[in-house]
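Trainee: Dropping the structure in here first, questions after.
The values are calculated or read from the model by the stated rules, or taken from the named source; none is laboratory data. As the structure is a computational prediction, the values presented were derived from the model and not from experiment. All Cβ positions, even for glycine, are placed from backbone atoms using ideal geometry, and neighbour counts span all protein chains on display. All accessible areas refer to the heavy atoms of the entire protein, side chains included, with ligands and DNA or RNA removed. Shrake-Rupley method; radii C 1.70, N 1.55, O 1.52, S 1.80 Å.
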Amino acid sequence: MKARVLVADDDAGVRYTLRGLLEDDGLTVEEAVDGEAALARLQQEPPVDLVLSDLRMPRVDGMELLRRVAARPSAPRVILITAHGSERHAVEAMKLGALDYFRKPFDVDDVLAVVRRALGMVRLEAENERLSGEVNLLRSLVFVSPSMARLALLIQRVGPRDVTVLITGESGTGKERVAEALVRASPRADKSYVRFNCAALTPELAEAELFGHARGAFTGAVRARPGLFREASGGTLLLDEVGELALPLQAKLLRVLQEGEVRPVGEDRSFPVDVRVLAATHRDLPQRVAEGRFREDLYYRLKVVTLQVPPLRSRPEDIAALARHFLARHTERFHMPPVPLTPALLERLTAHPWPGNVRELENALESAVVLSADGTLDLELLPGGTSTPTSQANTGTTLREKLDAHERELILAALSASKGQRTEAAKALGIGRATLHDKLRKHGLLNEGEEPEQ
């Protein structure tokens, strides 16, 4: 694809000359009559790779254009065209971020040398940004698809910029992993990273958990708590399943985002907080706004930048890489021999639509590893299969024992993910808290002397 160059100059003769020169060199060239017209063009698609701007122009001059372009995310690089004797301005422009400059009247060879060198640097920067983004996201997610590579690039671009990000996508696509990648790319990477599931608690408890509470603010508040916003101050707070937040809490959240301070429940004063907020949801928030279930002002405050995580069915090329990763993880976890990704296994996996996305794929492979004979994966245990599990004679242990072991592992994983919060763990497992308590007792996971729940 040809590089696209925007020439901004109020002199039509200069624009004509530069356009012919650059097009003869194989570039796509557009023109702007001054800095204001150039800024308007940069807000449109397709993106521009390089801007050549005269220093002196009416309305918006080259220096002001440079300042405004440099402040934009994913901004193109700028080369300034200066008059003879304007070296002082050229030095100032370089300090503001200009990539290079050349003087009027210009020499053809000098112009081409400057532009070619600049475009070479732009290509190297873009490739470095792409590779850095992929490495960053690969620490959280496994992928080879172009759509996920594009997401990695966007993460690398927005991660260092201290803006609110809304992460959308179906359940099981890996929105929390995207949030982790954003945190790693952020200047706040070494600060607190706090996660809160907005669907895990009642509105009253969620308010106290997020914003804190004074001692005695409500029944059971035996001591004051600062709340997650203050715990995350200086760092990042992920609001997972933000679409489930109750309307009264949405209003309070909006105030925190706008004013940078929180007022704990039962307190008569507010406390300043410095938190970067990430929000994730599988809900259609515009639809919930239309239904009156989500505040429109909060929606627009959260979606300063929106990152969409594609569903697994739209990137089938990732299934093989994910399957190898999950098979290695779970055979090692259950102390079993490695299981190869055979053509038959890959065919079965790619034929399934995976409505539960990556989470469903992992759970299916985990279950199949547990229930299959050592070293051989029973394909009929995967979605779409019809047979019963391999017999006891082949596995060396009873089906009940394997199921119990698998259930115990799932419970421990849910408790670990919820940091011991049983209500949240039960919800993640799809069971009631009382049922979880019974299973904890069954597997010997209750604390000593703990009474059964009614």
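Trainee: With the checklist (1) surrounded by fewer than 19 Cβ atoms within 10 Å (Cβ to Cβ); (2) of a type in the set (Phe, Trp, Tyr); (3) assigned to a loop (DSSP other than H, G, I, E, B) in hand, flag the one item TYR300 doesn't pass.
Mentor: That leaves (3) as the condition not met.
Trainee: Out of (1) surrounded by fewer than 17 Cβ atoms within 10 Å (Cβ to Cβ); (2) assigned to a loop (DSSP other than H, G, I, E, B); (3) modelled with pLDDT of 95 or more, the odd one out for PHE294 is which?
Mentor: (1)
Trainee: Here are GLU380, GLU424: which of them is under 20 Å from SER171 (Cβ atoms), modelled with pLDDT of 75 or more and among the acidic types (Asp, Glu)?
Mentor: When all the criteria are applied, what remains is GLU424.
Trainee: So the check is Cβ under 8 Å with 6+ separation or different chains; which pairs have a first residue in the stretch 250-261 that's over 11 Å from PHE211 (Cα atoms) and hydrophobic (A, V, I, L, M, F, W, C) and a second one that's open to solvent by 40 Å² or more (accessible area, probe 1.4 Å) and assigned to a helix (DSSP H, G or I)?
Mentor: Matching pairs, first to second residue: LEU254/ASP297; LEU254/ARG301; LEU257/ARG301.
Trainee: Please work out which one of (1) surrounded by fewer than 19 Cβ atoms within 10 Å (Cβ to Cβ); (2) over 17 Å from LYS2 (Cβ atoms); (3) in contact (Cβ under 8 Å) with a residue 12 or more places away in the chain is the condition GLY26 fails and give its number.
Mentor: Here GLY26 meets the rest and fails (2).
Yes or no, residue by residue, for (1) of a type in the set (A, V, I, L, M); (2) in a loop (DSSP other than H, G, I, E, B):
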site: ALA200; (1), (2): yes, yes
site: ALA206; (1), (2): yes, no
site: ARG223; (1), (2): no, yes
site: ARG230; (1), (2): no, no
site: LEU238; (1), (2): yes, no
site: GLY243; (1), (2): no, no
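Trainee: If you take the residues in the stretch 68-91 that are at pLDDT below 70 and under 16 Å from ASP11 (Cβ atoms), which one is most open to solvent (accessible area, probe 1.4 Å)? If you could, list the steps in order and put the result at the bottom.
Mentor: As a first pass, look at the stretch 68-91 and keep what is at pLDDT below 70: 71-74, 84-87.
Next cut, under 16 Å from ASP11 (Cβ atoms) only: 84, 86.
Values: HIS84: 152, SER86: 12 Å².
Here the answer is HIS84.
Trainee: Does ALA98 satisfy being under 32 Å from the mean Cα position of the chain (by Cα) and assigned to a loop (DSSP other than H, G, I, E, B)?
Mentor: For ALA98, the condition - under 32 Å from the mean Cα position of the chain (by Cα) and assigned to a loop (DSSP other than H, G, I, E, B) - is met.
Trainee: Any residue at all in the stretch 181-188 that's outside any helix (DSSP H, G or I), of a type in the set (Gly, Ala, Ser), open to solvent by less than 20 Å² (accessible area, probe 1.4 Å) and out of contact with any helix residue (DSSP H, G or I) (no Cβ under 8 Å at 6 or more places or on another chain)?
Mentor: The answer is yes; a qualifying residue exists.
Trainee: Also, I was wondering about something else. Based on what the data block shows, is PRO316 under 28 Å from ARG150 (Cβ atoms) and not in a helix (DSSP H, G or I)?
Mentor: yes
Trainee: Further question: Going through the stretch 34-60 one residue at a time, which ones are closer than 10 Å to ALA8 by Cα and touching a strand residue (DSSP E or B) at 6+ places or on another chain (Cβ under 8 Å)?
Mentor: Matches in the stretch 34-60: ASP34, GLY35, ALA37, ALA38, VAL51, LEU52, SER53, ASP54, LEU55, MET57.
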